[in-house]
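Right, one structure below, let's go through it.
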Amino acid sequence: METIVAGYDGSEAAERALCRAADIAEAFSARLCVVSVSELAVVPATSGFEPTAGLALPTVGGPVSPAGTVPLPEPVSSEDLARQRLERARASLAGRNVESEYVVELGDPVERLLEVAERRDADLIVVGSRERGFLARLLGHSVEEAVARRSERDVLLVH
């Protein structure tokens with residue numbers, strides 16, 4: 001075994017999967033590729049919005065601009081969100097004897113994970129599995145199920 005791809009989204013299931021992937025990578029002296037996929041685009045608020053004259057806005061624990069509007073937090077891009085997740089993954093792997101790389105991908109998580117595994121010629125894909133409720137199971141498949149079903153490579157689902 002030479003290359004392991006681990007999907008990472010910052011969840012508890014992803015943390016468990018990352019730990020297991022690192023254990024396997026250490027045991028086999030394999031390279032670990034940690035992939036964070038973000039599919040959500042953040043749309044910034046429309047600039048120039050002003051509330052209707054005379055409308056009293058509630059105070060929101062912070063300064064109000066001279067124009068009378070509450071300042072909005074800066075939007076976080078999908079790519080920045082994935083990078084933040086990977087920084088947590090890097091911190092989780094600190095001190096481990098694992099050669100690793102961290103990859104940001106944008107788009108459908110299943111498609112992106114499978115494509116990265118193909119590009120890296122991965123021997124194993126590791127993803128976390130979450131307990132899903134009845135309605136979620138009824139309405140659709142999870143990322144980990146779709147990866148396991150569609151991959152031509154070995155897949156480890158970590159519970």
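The values are calculated or read from the model by the stated rules, or taken from the named source; none is laboratory data. Quick caveat, the model's predicted, so the values are computed rather than measured. All Cβ positions, even for glycine, are placed from backbone atoms using ideal geometry, and neighbour counts span all protein chains on display.
Below is a table of values for the structure above.
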item: Contacts under 7 angstrom Cβ, first residue in the stretch 142-159 being over 11 Å from Gly7 (Cβ atoms), partner surrounded by 13 or more Cβ atoms within 10 Å (Cβ to Cβ) and among the polar types (S, T, N, Q), 6 or more apart; result: His159/Ser129
item: Output for the stretch 99-113, where each listed residue is closer than 16 Å to Leu18 by Cβ, among the hydrophobic types (A, V, I, L, M, F, W, C) and part of a helix (DSSP H, G or I); result: Leu113
item: Residue, modelled with the highest pLDDT, within the stretch 68-99, restricted to residues that are farther than 19 Å from Ala13 by Cβ and either of a type in the set (Ser, Thr, Tyr) or buried (at least 17 other Cβ atoms within 10 Å of the Cβ) (or both); result: Val98
item: Subset tally (residues that are of a type in the set (Ser, Thr, Tyr), within 10 Å of the chain's Cα centre (by Cα) and at pLDDT 95 or above) for the stretch 21-45; result: 1
item: Subset tally (residues that are at pLDDT 90 or above, surrounded by 13 or more Cβ atoms within 10 Å (Cβ to Cβ) and in a helix (DSSP H, G or I)) for the stretch 114-144; result: 6
item: Leading residue by the ranking (nearest to Arg83 (Cα to Cα)) among those in the stretch 13-28 that are in contact (Cβ under 8 Å) with a residue 24 or more places away in the chain and of a type outside the set (A, V, I, L, M, F, W, C); result: Glu15
item: Leading residue by the ranking (farthest from Ser78 (Cα to Cα)) among those in the stretch 1-25 that are surrounded by 14 or more Cβ atoms within 10 Å (Cβ to Cβ) and of a type in the set (Asp, Glu); result: Glu15
